[in-house]
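Have a look at the structure below, then the notes.
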Amino acid sequence: STPLYSSAASDVYKRQGIVMLFYGEGWAKSTAAYGYALRAVGRGWPASVIQFVKGAGWNAAEATSAPGVGIEWYTFAPGLTWGPRDPSFLSTEALKVSRSKLNSAGQTLVVLDEITSAITNGWISESTVLEVVKGRTPGANVILTGKDPNDALFEVADVVTRFKKEKDVGTYGILGNF
């Protein structure tokens, strides 16, 4: 039988980094990515979360606590979403930061939160995002999140996880944004 784990493959991914895609209608794609960012910091790697679409108010608790544990957090609007601001301009600015972080030397993790929405809505081109992801520095790991990725994102990803909501009690307790 074929082993599920290969140390040779592991060595390759350590050198080149991996691309993970978290997608679907279910909740917790971003939360799972933030957990990986915390894991990266625990390993001594730099970690960044770059939020496409979501403003500072969306993940206020995470954005507030992230710097205290060493995660750099980038939002491009003060409210829950980008609102009336120009989404193409903000997506381009977020992608500039993404490119810079993915071109940092050594092991790193960069979360591109809700980037599939920016692509789907036509605010940034998928080909530009793929260029940034494929052109990252060796050792740079990236997590892409969002609802509806196109086939090209599936192809570039080394790990793909679909989130499916089975039951929903609403945004109460720990599920609430506030």
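Tabulated results
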| quantity | calculated |
| --- | --- |
| Note, ³J(HN,Hα) from phi for segment 123-129, Karplus 6.51, -1.76, 1.60, rounded to Hz, x at Gly and Pro | 7, 9, 7, 4, 5, 5, 4 |
| Amide H contacts under 5 Å for Asn103, placed H, 5+ residues apart | Thr137 |
| Segment 40-47 - phi-based ³J(HN,Hα) in whole Hz, Karplus 6.51/-1.76/1.60, Gly and Pro as x | 4, 4, x, 8, x, 8, x, 9 |
| Computed E for Ser104/Glu25 - FRET, C-beta separation, R0 35 angstrom, nearest 0.05 | 0.60 |
| Calculated P(r) tail over 19 Å for segment 82-171, as whole % of Cα pairs | 43 percent |
| Computed accessible area, Thr64, all protein chains, 1.4 angstrom probe, square angstrom | 110 Å² |
| For segment 97-136: Kirkwood Rh in Å [reciprocal of mean 1/r, alpha carbons] | 10.7 Å |
| Exposure of Leu38 as accessible area (Å², to 10), given a probe of 1.4 Å and all protein chains | 90 Å² |
| Probe 1.4 Å - accessible area at Ile115, Å² to nearest ten | 0 Å² |
| Distance histogram for segment 72-132 (every C-alpha pair counted, 5 angstrom bins, percent rounded to whole numbers) | 4, 16, 30, 26, 15, 7, 2, 0 |
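The values are calculated or read from the model by the stated rules, or taken from the named source; none is laboratory data. On a predicted model such as this, the values are computed, not experimentally measured, just so you know. Glycine gets a Cβ as well: all are built from the backbone with ideal geometry, and neighbour counts include every protein chain shown. Areas reflect the complete protein model, heavy atoms only, side chains present, ligands, DNA and RNA absent. Shrake-Rupley method; radii C 1.70, N 1.55, O 1.52, S 1.80 Å.
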